[in-house]
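The values are calculated or read from the model by the stated rules, or taken from the named source; none is laboratory data. Because the structure is predicted, anything quoted here is derived from the model rather than measured. For neighbour counting, all protein chains shown are included, and Cβ atoms are generated from backbone atoms with ideal geometry for every residue, glycine included.
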Amino acid sequence: MTIGQVTLELLTGFGTTCLLFALTLLLSLPIGLLLSLASMSRFRPLKVVVRVFIWIIRGTPLMLQIIIIFYGPGLLHMSISWPSRAFAAVVAFVINYSCYFAVIYRGGFESVPRGQYEAGQVLGMKKHQIFFHVVIFQVFRHILPPMSNEVITLVKDTSLAQVISVGEIIFVAQNIMNNIYVIYPLFYAGVFYLVFCGILTLLFGWLEKKTKFYRV
């Protein structure tokens, strides 16, 4: 197998990796916000249930969650049939990262001084106006560094999808390695991760510079 053929196969696997990453990020960011708001709810039963759920998800390995999501319904004789292995992996990733993002969001909301809310009320602003015009930009600035760390971690965590035989880049690299009995495809796959994470690092660095005027 030539280096060109290896590259093409790895690119196919990398496409799956990017798809897992994009879908997880697209879904987990808004769901994480909802979980965050629920975890700060004044309705105590909802607050307790959500926080316990987040604690369980954050306290157990993502690989275990992927296995449970994919194999669990069948073992429990439930009538759930996943459209594909990749779909099940995305469900597990979204559940996991929504909980991590929820904690980051909550930290961002709690970092905004109470005086900001009171100032908005003094100016006659309604709650939704205070949220969208005063609070949200400050929250975004505070959560950007930890959020960027989680997003970059997500890129690498997509490799865990191989545990249920999803054809992401590491899974493809291992298959190539087993076929031609050389290890370089794994290192080659690492280059894809380095480039992807490097681009994200530059992007988040640019965003942090652009949002410096929101610092309080």
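Quick notes on this one:
- Selected residue [more than 30 Å from F140 (Cβ to Cβ), at pLDDT below 90 and either surrounded by 11 or more Cβ atoms within 10 Å (Cβ to Cβ) or in contact with a Ser or Thr (Cβ under 8 Å, 6 or more places away or on another chain) (or both)] from I180, I170: I180
- Taking segment 1-115 and the helices (runs of 4 or more DSSP H) fully enclosed by it, the elements with 1 or more residues that are under 23 Å from Q174 (Cβ atoms), out of contact with any Ser or Thr (no Cβ under 6 Å at 6 or more places or on another chain) and free of Cβ contacts under 8 Å to residues at least 24 places away in the same chain are at 3-39, 62-75, 85-111.
- Looking across segment 157-167, the residues that are closer than 15 Å to F93 by Cβ and either among the hydrophobic types (A, V, I, L, M, F, W, C) or loosely packed, with under 15 Cβ neighbours inside 10 Å (or both) come down to L160, A161, V163, I164, V166.
- Restricting attention to segment 151-199, the residues that are within 19 Å of N96 (Cα to Cα), in contact (Cβ under 8 Å) with a residue 24 or more places away in the chain, among the β-branched types (V, I, T) and in a helix (DSSP H, G or I) total 6.
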